[in-house]
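Colleague: The structure's right below; bear with me while I get my questions together.
The values are calculated or read from the model by the stated rules, or taken from the named source; none is laboratory data. Just so you know, these numbers come straight off a predicted model, no measurement behind them. For neighbour counting, all protein chains shown are included, and Cβ atoms are generated from backbone atoms with ideal geometry for every residue, glycine included.
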Amino acid sequence: MKAPHATTTPDLLPDHDLAGERPPKRSRLDKMREARGLKGLTVNLPAELVDQFHAKRKARGQTANEAIAALLRTQYLRKR
């Protein structure tokens, strides 16, 4: 490997990986989501709305995933 200030010294190691291309490592969470058939969804909402949502779902004893899934099925994805 050449020094950063050297201008005439050739680099001893190639620019590419000798083992070839490697696929990126997947996290345990990604593997779990795939096994369960889940996909992630990120939304940005006003803090006041989020606080109201969490208070309502806790009163009903739901997890955030269950509450969002129920809202999507009954309100947003319903047939009209």
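Colleague: Which count do you get for residues in segment 20-40 that are assigned to a loop (DSSP other than H, G, I, E, B) and basic (Lys, Arg)? Explain how you work it out, then say what you get.
Modeller: Going residue by residue through segment 20-40, those that are assigned to a loop (DSSP other than H, G, I, E, B) are 20-27, 37-40.
Restricting the remaining residues to those that are basic (Lys, Arg) gives 22, 25-26, 39.
Summing the residues that are assigned to a loop (DSSP other than H, G, I, E, B) and basic (Lys, Arg) in segment 20-40 gives 4.
Colleague: I've got another one for you. Please determine, by comparing only the residues of segment 1-42 that are at pLDDT below 65 and surrounded by 10 or more Cβ atoms within 10 Å (Cβ to Cβ), which one is nearest to the chain's Cα centre (by Cα).
Modeller: Going through the qualifying residues, I end up with Lys2.
Colleague: Next up: Search segment 42-58 for residues that are under 17 Å from Ala69 (Cβ atoms) and pair each with any residue that is surrounded by 10 or more Cβ atoms within 10 Å (Cβ to Cβ) and among the aromatic types (Phe, Trp, Tyr) when their beta-carbon atoms are under 9 Å apart and the residues are at least 6 apart or on different chains.
Modeller: So the pair list comes out as Leu45/Phe53.
Colleague: Working only within segment 55-80, note down all residues that are more than 21 Å from the chain's Cα centre (by Cα), surrounded by 12 or more Cβ atoms within 10 Å (Cβ to Cβ) and of a type outside the set (A, V, I, L, M, F, W, C).
Modeller: First, pick out the residues of segment 55-80 that are more than 21 Å from the chain's Cα centre (by Cα): 55-62, 70-71, 73-80.
If we keep only those that are surrounded by 12 or more Cβ atoms within 10 Å (Cβ to Cβ) as well, we get 57-58, 62, 70-71.
Those that are more than 21 Å from the chain's Cα centre (by Cα), surrounded by 12 or more Cβ atoms within 10 Å (Cβ to Cβ) and of a type outside the set (A, V, I, L, M, F, W, C): Arg57, Lys58, Gln62.
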